[in-house]
1. If I go through the range C:21-50 residue by residue, how many of them are facing another protein chain (nearest Cβ under 7 Å) and farther than 23 Å from B:H89 by Cβ?
2. Sort out which residues of the range B:232-271 are touching a residue at least 60 places away in the same chain (Cβ under 8 Å) and either part of a loop (DSSP other than H, G, I, E, B) or of a type in the set (A, V, I, L, M, F, W, C) (or both), and write them in order of number.
3. Could we say that C:R86 is touching a residue at least 12 places away in the same chain (Cβ under 8 Å), in contact with a helix residue (DSSP H, G or I) (Cβ under 7 Å, 6 or more places away or on another chain), within 23 Å of C:F178 (Cβ to Cβ) and among the basic types (K, R) here?
4. Could you tell me which residue of the range C:95-118 is nearest to C:L27 (Cα to Cα), considering only residues that are away from every other protein chain (no Cβ under 14 Å) and out of contact with any Leu (no Cβ under 7 Å at 6 or more places or on another chain)?
5. With respect to the numbered conditions (1) more than 17 Å from the chain's Cα centre (by Cα); (2) not in a helix (DSSP H, G or I), which one is the sole condition not fulfilled by C:L45?
6. In the range C:25-55, which residues are more than 30 Å from B:E308 (Cβ to Cβ) and touching a residue at least 40 places away in the same chain (Cβ under 8 Å)?
7. Being assigned to a helix (DSSP H, G or I), within 12 Å of another protein chain (Cβ to nearest Cβ) and among the small types (G, A, S) is the filter here, so list the residues in the range B:167-193 that pass it.
Amino acid sequence: MMPLWEVFIRSRNGLAHKHVGSVHAADATMALQAARDVYTRRGEGLSIWVVPSAAITASDPADRDALFEPTGSKIYRHPTFYQVPDEVGHM
Amino acid sequence: MYTQALNTRDTAGGADHDLRFQARIDAEDRIEPNDSMPDGYRRTLVRQISQHAHSEIVGMLPEGNWITRAPSLRRKAALLAKVQDEGGHGLYLYAAAETLGVSREELVDQLLSGRAKYSSIFNYPTLSWADIGMVGWLVDGAAIMNQIPLCRCSFGPYARAMIRICKEESFHQRQGYEIMLTLCRGTPEQKAMAQDALDRWWWPCLMMFGPPDTQSNHSDLSMRWKIKRFTNDALRQKFVDATVPQGHYLGLTFPDPDLHFDEADGHWRFGAIDWDEFRRVLTGDGPCNAERLDARRKAQADGAWVREAALAYAAKARAP
Amino acid sequence: MTTTSITVTETPRIRRLLTLADDALILGHRISEWTGHAPLLEEELALANIALDLIGQARALFTEAGNESGHTEDQLAFLRDPHQFRNALIIELPNGDFAYTIVRLLLVSAASDLFWQATLASSDPALAAIAAKAGKETAYHLRHAAEWLIRIGDGTDESHRRAQAALDSLWPYTGELFETGAEREAWNAVVTPVLHQATLQRPGDGWMQAGGRSGRHTEHLGHLLAEMQVLPRTYPGAIW
């Protein structure tokens, strides 16, 4: 499966990168190109970050009635997030 | 590392859980991907968002049909940009759906295997350049009616995708109407082209809003969960009221002998929609259903070696 | 009976502008044919961006040529006959598969990129202005094509085979992209490292096909223009 990458863009006069969505790409270079083509078509962005979605760790502040202790999790459930990436397999 | 179990919210929490969830919805809370949610909510959203995404992607085909024959460089560039936007919208929507635990691959598979639906309007052919104006004016006009309320839908990623889409959508409808204006002010042949397009697209566009409220089976829950903000009939009436004066301004006649203005309540009343045609088109017997899916299947199949190559290269690059 | 076709009296400058405009228009048209059929959704948007850049370049060039010749951009694009077009042959060839499209884009963009860089210093202010924008765009087209070619060339056996076949087929059309040996050498310096990284075999320089610059095209251009020009020719004088 084509990996998923989250895209963050800091616009021309922006102060910080903002999460704008995701793209599918086989590697980081292509993810960056895809992010530029998809999310800056109208010249919206200046600085682009792409991060493998599975690499992001999230807290869950919203659910006050959680049945579990809030704990570091993935940003959302995705079928590909639970595969061990190759480089981690070497650790 | 951690296990999948930690990130699995128990969504079968029963009546109590559902009440708490509904309370959040009623309070106009935004639901985000990792929040606890009923299975039905998750399923409905995946279905609705992916259907919307499929529609954008399939919608690229009837309009893409005229890129190589666009009659001026300005129109060529504008149409290409519009179709590109539609691809982008599909992408944003698949991305939103993916936050709910499904992959784009699975969703595309559902489309290509015929299990998933997409908007019936894209099963009609674009037979003349006037059809391109019609698609922009009417089809995008109808889509906008639906999309603006969705910017406030309860699910965060969907609402945010819709905000992005609506910002980009504004030039599509204007572009379409401007094409119609140019044709209607043009030669007799161009005017006839415009009228012929309206004759073919008007009724299918009214069907875009879906079955009458009395027959729609997904509506109640979707309304309660604030995934759907207005009923089919309400949106359809809003569309007719906005569009009929625009058509009259163009000097066109609507193919509906029953169309008349009701002075009493200020609405344009229209004739009976042929819901048999709608059902036929929805279940696969529309003019272009087969070729739309064939085109998408072919693109997917032809592109398989490309995707495999990209993944193979990436794997090689990662290997020591 | 009069024809809808126009004939342009070409000064050297008009001829030069039309050559560049035709290259941009026909390549943009070819790439736009991928709409709805690309191998992945992200690439749909990338190819559309490239096509839009090229059509934009064509419009600027046609406008400049038309200011001198007394024609509109649309008259020049839609009412000249195939033998009046001055694009290189490589540009009008059908897209083929994705490998063919990417190889062609690489080979052409490498030449265009060098041209626009050199043209920044042109004594023709209009052309220099166009070069400022076009240069940035073409640099990106080149990078996009190069990254894809590396992945296709060094991907799977099948992708490698397709890339090599495309390269072998397109190579004889590259000669027409240059006017001088120096231009060709500069182009080689850009293209050869990419081919190497893509594990592709650089074809030998045999006989080079030519004719586009003097209006002698392949059979493909006739079909392309018949489709592209159909509406203005069917409804002469109509405004769209």
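The values are calculated or read from the model by the stated rules, or taken from the named source; none is laboratory data. Here the structure is a predicted model, which is why all the values come from computation and not from measurement. Note: ideal-geometry Cβ built from the backbone for every residue, glycine included; neighbour counts use all protein chains shown.
1. Selection size over the range C:21-50: 1.
2. Passing the criteria: B:L235, B:F239, B:A242, B:L250, B:G251, B:L252, B:F270.
3. Yes.
4. Here the answer is C:S112.
5. It fails just one condition, (2).
6. C:L25, C:I26
7. Across the range B:167-193, the qualifying residue is only B:A192.
A quick yes/no check of all residues on (1) surrounded by fewer than 18 Cβ atoms within 10 Å (Cβ to Cβ); (2) closer than 27 Å to B:Y92 by Cα; (3) within 18 Å of the chain's Cα centre (by Cα):
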| residue | (1), (2), (3) |
| --- | --- |
| B:F171 | yes, yes, yes |
| B:P188 | yes, no, no |
| B:W202 | no, no, yes |
| B:C205 | no, yes, yes |
| B:G210 | no, yes, yes |
| B:R224 | yes, yes, no |
| B:N232 | no, yes, yes |
